[in-house]
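Heads up: the structure comes next, in structure tokens.
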Amino acid sequence: MQIIFFIFFILFTLNHLQSSSTSSLLSSQAILRVDNYWVDSLNMNMVGMWNFGYPCAIYAKDNYLYLGSGGCVIIFDLSDSTNPEKIGDISFPGTDVRGIYIQDTLMFIGDGEKGLRIANISDPFQPIEIGSYGSYFSHSVFVRNNLAYVTELNSEIIGELVIYDISNPQEPHILSKDTLPEFHPNDVIVKDKYAYVANGQGGLRVIDVSDSTNPFEISHFIPPIYGTYVNSLALCCDSILLFSAEPGVGNGGLWVINIKDPYDPYPMGCDTSFWVGLDVSYFSHYAYVSSAEDIKIIDFSTLSYPHIVGELHTPFALFNVVNTNIGSIIYAGEWRKNGLRTVNASDPTLPITIDYDIIPDLSIDVSVQGNYAYIANFYSGVYVL
């Protein structure tokens with residue numbers, strides 16, 4: 001057996017040496033790029049894709065809701081806010097839409113490993129991609145005037161706030177970057193001349209962006225519970241910032257931060273009575289926090305004493321759920337059972353599900369017969385294309 005293995009090893013080595021010159025020639029084209037770990041295609045062109053998957057981003061504006069599902073965005077009509085109606089979708093080349101922001105008739109997408117994407121949504125039934133800028137990994141997006149603020153990774157270990165000039169949406173380009181101290185930048189909100197970044201274990205970072213070509217950090221707040229991972233932000237009352245967090249050690253929860261002086265953000269109160277806070281939105285003095293297994297409704301009318309007043313438990317663990325709201329109607333995109341859950345929280349002590357839309361899930365197998373493809377989806381059944 002050892003002799004056979006040795007002969008096989010020699011033959012394999014000789015074959016490898018013979019093909020090394022060819023491999024070297026191809027490597028610059030398609031095999032591996034040192035500045036990007038993704039492998040490019042060689043002699044292949046994509047002609048179409050089934051690009052649905054887990055919901056990782058959500059945005060509601062006017063009468064429409066935009067739900068990132070895998071590598072696409074599904075558009076819902078909210079004319080009847082209690083019964084969202086799917087009217088359109090658009091696929092992007094990435095597999096993981098992480099951030100959505102709407103400004104006028106443009107939709108800005110943080111498309112994971114495929115960077116910043118821009119689509120025209122003047123016709124929500126037929127959105128069209130019009131511009132893009134590739135990057136290592138784009139996450140959250142915030143847009144103001146002709147600038148887009150995007151949290152990104154520029155490698156597997158370095159996070160950044162990247163500022164783009166989007167005055168020409170067909171050709172966005174980078175104006176500047178500010179390196180963040182941890183490598184998991186999440187959400188970003190811009191107010192006045194400051195950007196507030198949920199920076200994972202790096203806590204809340206405050207960055208002066210008054211000069212869009214030279215952003216720099218001026219302050220930060222890191223929760224005293226070791227390893228707390230800051231996920232999502234919501235700005236209310238002009239000087240109050242809510243952020244949700246999940247634990248490294250201990251609990252996560254919801255924090256109420258005073259940012260009246262951006263140079264000195266400080267906590268006014270927190271509710272860490274629950275395990276994990278993933279996404280946060282708010283209405284009036286109620287925060288809606290997506291947790292690991294439910295939605296928490298937290299009264300923060302007394303800033304020093306935010307506390308849970310209502311909960312919505314679901315049949316499936318929400319796990320990395322994203323949520324947004326219009327008034328007291330909450331829309332939650334759920335990983336498990338892959339759907340959009342509509343919740344009426346007009347009585348915050350008793351939120352109830354009033355609608356549930358199944359959306360296409362992560363595809364795990366496919367069979368093709370003639371002109372039809374049968375797609376096995378993880379939780380949402382079989383689709384025929």
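The values are calculated or read from the model by the stated rules, or taken from the named source; none is laboratory data. On a predicted model such as this, the values are computed, not experimentally measured, just so you know. For neighbour counting, all protein chains shown are included, and Cβ atoms are generated from backbone atoms with ideal geometry for every residue, glycine included. The protein model used for the area step is the full one, side chains on, heavy atoms only, and it has no ligands, DNA or RNA in it. Shrake-Rupley method; radii C 1.70, N 1.55, O 1.52, S 1.80 Å.
How fast does the chain diffuse by Stokes-Einstein, in µm²/s, taking the Kirkwood radius from C-alpha pairs at 20 °C and 1.002 mPa s?
Values: Rh = 22.3 Å.
D, rounded to a whole number, is 96 µm²/s.
For segment 179-185, take each phi angle, set θ = phi - 60°, evaluate the Karplus expression 6.51 cos²θ - 1.76 cosθ + 1.60, and give the result in whole Hz per residue in order, putting x for glycine and proline.
Ordered by residue, 3J(HN,Hα) equals 6, 9, x, 10, 9, 10, x Hz.
What size of dipole, in debye to the nearest 20, comes out for the chain about its Cα centre when the only charges are +1 on Lys and Arg C-beta atoms and -1 on Asp and Glu C-beta atoms?
On the way: 16 positive and 41 negative charges, 111 e Å.
It comes to approximately 540 debye.
Please list 146-156, 124-134, 280-290, 255-265 highest first by mean number of surrounding beta-carbon atoms within 10 Å per residue.
Ranked from most to least packed, the peptides come out as 280-290, 146-156, 255-265, 124-134.
Any idea what angle helix 2-26 forms with the longest principal axis of the chain, computed on alpha-carbon atoms, 0 to 90 degrees, nearest 10?
With rounding to tens, the tilt is 70 degrees.
Scan around Gly277 for amide H atoms under 5 Å from its own, H built in the peptide plane at 1.01 Å from N, and keep only partners 5 or more places away or cross-chain.
The list, which skips near neighbours in sequence, is Ala245, Glu246, Gly252, Gly253.
Going by average Cβ neighbours within 10 Å, how do the peptides 295-301, 56-62 rank, with the highest at the top?
On the way: 295-301: 21.9, 56-62: 20.0.
Ranked from most to least packed, the peptides come out as 295-301, 56-62.
With contacts defined as alpha carbon pairs under 8 Å and 6 or more residues apart, what's the relative contact order of segment 69-204 in percent?
RCO, segment 69-204: 15 percent.
Classify segment 234-296 as rounded, prolate or oblate, taking a ≥ b ≥ c as the square roots of the eigenvalues of its Cα gyration tensor: rounded when a/c is under 1.5, otherwise prolate if a/b is larger than b/c and oblate if not.
Judged from the Cα gyration tensor, segment 234-296 comes out oblate (a/c at least 1.5, b/c at or above a/b).
May I ask you to list the lysines whose Cα is less than 18 Å away from that of Lys61, ignoring any residue fewer than eight positions away on the same chain?
Lys86
Using a simple charge model, +1 on the beta-carbon of Lys and Arg, -1 on the beta-carbon of Asp and Glu, nothing else, what dipole does segment 102-242 show about its Cα centre, in debye to the nearest 20? It would help to have the intermediate numbers written out before the result.
On the way: 7 positive and 18 negative charges, 38 e Å.
In total the dipole reaches around 180 debye.
To make sure I understand the rule: partners must be aspartates and glutamates, Cα under 20 Å from the Cα of Lys191, and not fewer than 8 residues away in the same chain. Which ones qualify?
Cα-Cα hits under 20 Å: Asp104, Glu152, Glu160, Asp165, Asp178, Asp208, Asp211, Glu217, Asp238, Asp261, Asp264, Asp279.
Please state the equivalent ellipsoid semi-axes for segment 118-276: what are the square roots of 5 times the Cα gyration tensor eigenvalues, largest first, in whole Å?
Values: eigenvalues 157, 56, 51 Å².
Over the Cα atoms of segment 118-276, the semi-axes work out to 28, 17, 16 Å.
For the chain, what relative contact order do you get, as a whole percent, if you take Cα pairs closer than 8 Å and at least 6 residues apart?
9
Ignoring ligands, DNA and RNA, what percent of the accessible area of the chain is carbon or sulfur (1.4 Å)? Could you put the intermediate results ahead of the total?
Working: 10000 of 18300 Å².
The value for the chain is 55 percent carbon and sulfur by accessible area.
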